[in-house]
Every structure is written in structure tokens, then in C-alpha cells.
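Note sheet for the following structure.
The values are calculated or read from the model by the stated rules, or taken from the named source; none is laboratory data. Everything quoted here is computed from the prediction, not taken from an experiment. Backbone-built Cβ (ideal geometry, glycine too); neighbour counts: all protein chains shown. Keep in mind that these areas ignore ligands, DNA and RNA; they rest on the heavy atoms of the full protein, side chains included. Shrake-Rupley method; radii C 1.70, N 1.55, O 1.52, S 1.80 Å.
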Amino acid sequence: MIRFDQVHKRYANGREALAGVTLNIASGEMVFLTGHSGAGKSSILKLIALIERPTRGQVWVDTQNTATIRPRGIPEFRSRLGVVFQDHKLIVDRSVAENVALPLIIAGLSQREIDKRVRAALDQVGLLDKDKLRPLELSTGEQQRIGIARAVVAKPKLLIADEPTGNLDPELALEIIQLFKRFNDVGVTVVIASHDVHLIDHLNARRIVLGEGRVTGEAPPHAAQAAAQAASHASLHTASSAAGRPPAGTPR
Amino acid sequence: MSVEAYFTRHAQTLLGSLGRLVSTPFASAMTITVIGIALSLPLYLNVFLQNARIATENWNQAFDLSVYIDKKASATRTSLIAQQFRARSDVASVRVILAAAALAEFRSSSGFGAALDALRDNPLPDTLIVTPTLSASTPEGGAALKSALAQVPDVETVALDTDWVKRLYSLLDILRRVVLITAGLLGLGVALVVGNTIRLDILNRRMEIEVMKLVGATDAFARRPFLYSGVWYGLGGGLMALGLVEVGVLALSNSVTRLATLYGSSFHLAGVNFGTGLAVLMGSVFLSWLGSWTAATHHIKAIEPS
Ligand SMILES: Nc1ncnc2c1ncn2[C@@H]1O[C@H](COP(=O)(O)OP(=O)(O)O)[C@@H](O)[C@H]1O
Ligand SMILES: [Mg+2]
């Protein structure tokens, strides 16, 4: 579903956020991107959502080389993607239902179809009774769930989330993650960037560890993944990730 | 997208944009008033011009040609010439003033009776007052008629004073150009005012536009509500301009009618007619739409999520 091939990202200020990232995420997986603040987690998600473009290397999403997507094609590409943000990015002067409906309105669905799907999405995040409220009348956790409802309402195959639990206390954070897991269970590929190691430790999910713009490890080792990668690139990164926990002296 | 869903969506966006304008009544009223005032100026000039046209139509009908017959020609010859003129398609009527009658009239009305008796010959020629038909009553038609009549044997001179008509017409023509230039400049101003308003609106809603783009909105989709705002501004401003001019016409019409009565005219000041009103509304909507389209296209393109 997602493939990064020796991806570099240097921002306009000269800061190299990604320094040769190679990774593979299969369809139907649930993967956490972890690492310290500044490691490059958000940059990876931005490259997936075409918010940024790589300086070098290739990014493949859903068998499509993103380098071939022109600016005109970006809206259509994004409409097939679900994105969740740490700060929710809800429109404050529109109701919860209107916020969730946005991707469907853009897609041009009929009002009846929109109402039906919005209710279903709100039901999935457990906020069916809050549809008429404004986002600021909800708690942070509820706002995040609205953000998730909006991300899944158009039934994307891929859901990406940047620090979706960043502002939440551990209990609420776990609820949110379990919500993502439920979407993953029905076949949605989920990629979550999070520096919250304790939270992820609770879960038996694949984890890609980043440090200084490189993949420094993977846990637990993903056998099929590692084998597939080793076949195509005999890179050091793949070798070290196949070894399990991030080794102390990962070569840079 | 089904046709029904498409129209429903547009209708919703249209109403949504109106709702947004209503929710900031002061700012919206300011913009609409600026458009209204800007458009009312050329409209006032136009009303003046239209009324000047109507008023001068009557003057135009008033011009006659004076044809002086050679003094050697007889009275019979004069009436023959008059008959020939009456047969012309561009002549409405011909009045004959014979030299003898003219002198008698002059003698009795001027009080120079004794002095005139001293003259051996009647100094006055036979005269024909030729009134052209309405369609020939133009500066060109008058000139053509004049040269045609001058060709006729025994016609001494033909006098046609159309200079004032020509001057009036060229004045009205200049005024018409002034109206067009003013309308063009102020129309441009309207587009810019609306464009600037939309620009500020877009900057205020930057986050919202970013979010829409993040969930897959095209620039055209994000632009749509702003175009509808522009349409509403244009409609409001156009109605305001028409209202301002109607009020002005109403305020002036009594004194104009009174003035006209003093000159023995039944002239009434006319307001904006339906066609012009419709054109003003459509023009106003179009200009605002153009302004908002330009601003929205430019500024929405510049907003990219980060
Ligand atoms: N838009 C940007 N312009 C310049 N530097 C950036 C930008 N975004 C991120 N960076 C830098 O790139 C590095 C990686 O950032 P980021 O991908 O946000 O990491 P993380 O999400 O893991 O904290 C950081 O050093 C950050 O300062
Ligand atoms: Mg980050």
C-alpha cells in the first residue's frame, strides 16, 4: 500500500528531515511510526498525503508513484485518503455533521446518501447524538473522534494519523487507538505517527522507529515484510529492522 | 454526481453564501453601499442623457428651411415651386409667404408704414417655409434637403440653421461617451472592491480552505462559495444603485416638471427604464463575479495545507 524508496526530504530552510527512508507497508496493515520529536514522522505522513514532495527518492501509495501525480490530480488523490490530525482541523463554525459530511459533499453525493453515511460514521465513533453541536462544544477527545469520523466517512482504503492522541490522557488515547484498530479490522490500512511509546507498547502492532530522518528499527519484526524487502533491497536498514529492536549504533 | 445533487449543492452554497453575508451585516452593507454609490454615478448621468434626448426630440422637429425665391419670378411660379416641394417624400409641409403679403404684414406690425411707402420696389422676396418630415429631421437629412431645394430653378437661397442642432447633438454624443467611460472606470472599481473584500474573506477563512483541500477539495470547489458571495454583493450593489437613482429622480421630478411648465412644455423627468435597470443589475452581478473570481482563483491557489 505504501512504499518509500530511499526518500530524502530537505525543507526550504535547508533542514534535512528525511535522509534516505526506505519502508514498505502492506495493504491491511496497522503500523505505528515512532521516534523522538523531530525524527521525521510527520514528514513521512506529509509525503504520503502529498502535502510535501520528496527531494529525492520515490514514494508509492496504492501502487501509484506519487511523482506522477500532478497538482491537478492531488484533490482526487486525497479524496481516496483518510487523514487525522493532532489538532483535529475541524471547521469551528460548522456543525459536527457538516464537518463529517465535507468529503462527501466534495465527492458530490446526494444529500440523502450523505446523511446516511454521516450518521453511520458518527455512530462508529460513538457520537451520533452530537451531530448538531459545534466542534468547540465538544471535549478534545470527542473532537478527535469527529476528526476520525470525517477521515473514514468516504471509506478510504488508507487512513493516516499524525499524533492523534497527542492531547489526550492515556485512557482516552487508548480508546482512540482502539477505534483505529476497529477500522483496521475491517481492512483499512492504518498508519499512525506517535511518539507515545507507552501507549504503543500496549498494542501488538508493527512499529517503525525513526531517528534523525532514518529508519532505525522495527518492532516486532515483520517477517513477511522483511523478507520482501530483503529480496528487493539488500539495504542496511532492512537488515537492522529484521533484527528486531533498534540496535544502539544504527549506521547513519 | 447526479444532476439533482449538483443543483441541490449549488443552491445550498448560494444560500450559505447569503447567510454568511447576513451574519456580518455591517461589513456586507459597507461593501454593497460602495458598489451602489459607484454604479449610481454613471446611472445618474445616463438618466440625464436619456431625458436630454427626450427633451430635444421636440426641438429637433421644430427646424424648418426658409426658401427665398428669385424676385424676378412671378407669384404663379412661386406656387408651382411650392407644389413641387410638397410632392417630395422628405417634406412634410410647405407654407407660402408671398412678397406682397409679407410686406403688408410688416407694414402693419412694424409701424414703418410711411418709410416703406418711400421704397419703389418691394424689397422682400417670395418665401417658402419648408418643414421636413420627421425622418428627414436630422442634421444630415436637413443638409441633404437644403442642397436639393437649392438646385431648383428660381430658388435664390435656402437658409437652414442647423448649427445649434449639430452642436447639441455633438454635446450629447460627448456626454454619452462620458457616461460610457465613467461606467467603465467605476465598473472596474466595483470589480476591484469586491475582489478585495473577497480576498480579506479568504484570508479570514484560510484554515477552513486548508482543511477542505486536505480532504480532497479542488480549487474550484473551495472557490465556489466566494463566487456566490460576489454574486450577492453585485445584486445588492446593483439594487442599491437603482434605488439611489430612483430616489434622486423622484426628488428632482417635481421641480423639473414645474420648470417645463414655465416654458410651456409637458416634459416629465423619466427614471430608469426596465431594460436599463435589468442591464445595471446584470452588469453589477457580472462585475462582482469577475472581481471575486479573479481574487478567489488567485488567493485560493496560494493556500496550501502544510
Ligand atoms: N515545513 C518545514 N520547514 C522546515 N523544517 C521542517 C518543516 N517541517 C519539519 N521540519 C523539520 O524537519 C524535521 C522533522 O520534522 P517532523 O517530520 O515534523 O518530525 P516529527 O513529526 O517526528 O516530530 C524537524 O527537524 C523539523 O524541524
Ligand atoms: Mg510530528
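Please verify whether A:V83 is more than 8 Å from every other protein chain (Cβ to nearest Cβ) and open to solvent by less than 40 Å² (accessible area, probe 1.4 Å), treating the condition exactly as stated. Break it down into steps so the answer makes sense when it comes.
Working: more than 8 Å from every other protein chain (Cβ to nearest Cβ): no; open to solvent by less than 40 Å² (accessible area, probe 1.4 Å): yes.
Against the criterion (more than 8 Å from every other protein chain (Cβ to nearest Cβ) and open to solvent by less than 40 Å² (accessible area, probe 1.4 Å)), A:V83 does not qualify.
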task = Please name all residue pairs, on different chains or six or more residues apart, with Cβ atoms under 8 Å, provided the first residue is in segment A:69-82 and is of a type in the set (K, R) and the second residue is part of a helix (DSSP H, G or I).
result = A:R78/B:K213; A:R78/B:L214
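Looking at segment B:287-306, which of its residues are surrounded by 18 or more Cβ atoms within 10 Å (Cβ to Cβ) and away from chain A (no Cβ under 14 Å)? So that I can check it myself, show each step before the final result.
The initial filter retains those residues of segment B:287-306 that are surrounded by 18 or more Cβ atoms within 10 Å (Cβ to Cβ), namely B:287-293, B:295-296, B:299-300, B:303, B:305.
Correct list: B:L287, B:S288, B:W289, B:L290, B:G291, B:S292, B:W293, B:A295, B:A296, B:H299.
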ask   = Is at least one residue of segment A:4-17 within 14 Å of chain B (Cβ to nearest Cβ), in a strand (DSSP E or B) and either touching a residue at least 40 places away in the same chain (Cβ under 8 Å) or within 16 Å of ligand 1 (Cβ to nearest atom) (or both)?
value = yes
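Every residue, every condition in (1) surrounded by 17 or more Cβ atoms within 10 Å (Cβ to Cβ); (2) more than 34 Å from the chain's Cα centre (by Cα), yes or no:
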| site | (1), (2) |
| --- | --- |
| B:Q12 | no, yes |
| B:L15 | no, yes |
| B:T24 | no, yes |
| B:A29 | no, no |
| B:L43 | yes, no |
| B:F48 | no, no |
| B:I54 | no, no |
Qualifying positions in segment A:22-51 - within 9 Å of ligand 1 (Cβ to nearest atom), on the phi > 0 side of the Ramachandran plot and in contact with a Ser or Thr (Cβ under 8 Å, 6 or more places away or on another chain) = A:G35
ask   = If you scan segment A:75-102, which residues turn out to be within 17 Å of the chain's Cα centre (by Cα) and not in a loop (DSSP other than H, G, I, E, B)?
value = A:F77, A:R78, A:S79, A:L81, A:G82, A:V83, A:V84
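In segment A:185-202, which residue that is assigned to a loop (DSSP other than H, G, I, E, B) and more than 16 Å from ligand 2 (Cβ to nearest atom) is nearest to the other protein chains (Cβ to nearest Cβ)?
A:V188
Looking for whichever is under 22 Å from B:V34 (Cα atoms) and not hydrophobic (A, V, I, L, M, F, W, C) here; the options are B:R199, B:R224, B:R206. Which one fits? Give the derivation first.
Numbers: B:R224 fails: under 22 Å from B:V34 (Cα atoms); B:R206 fails: under 22 Å from B:V34 (Cα atoms).
On inspection, the qualifying residue turns out to be B:R199.
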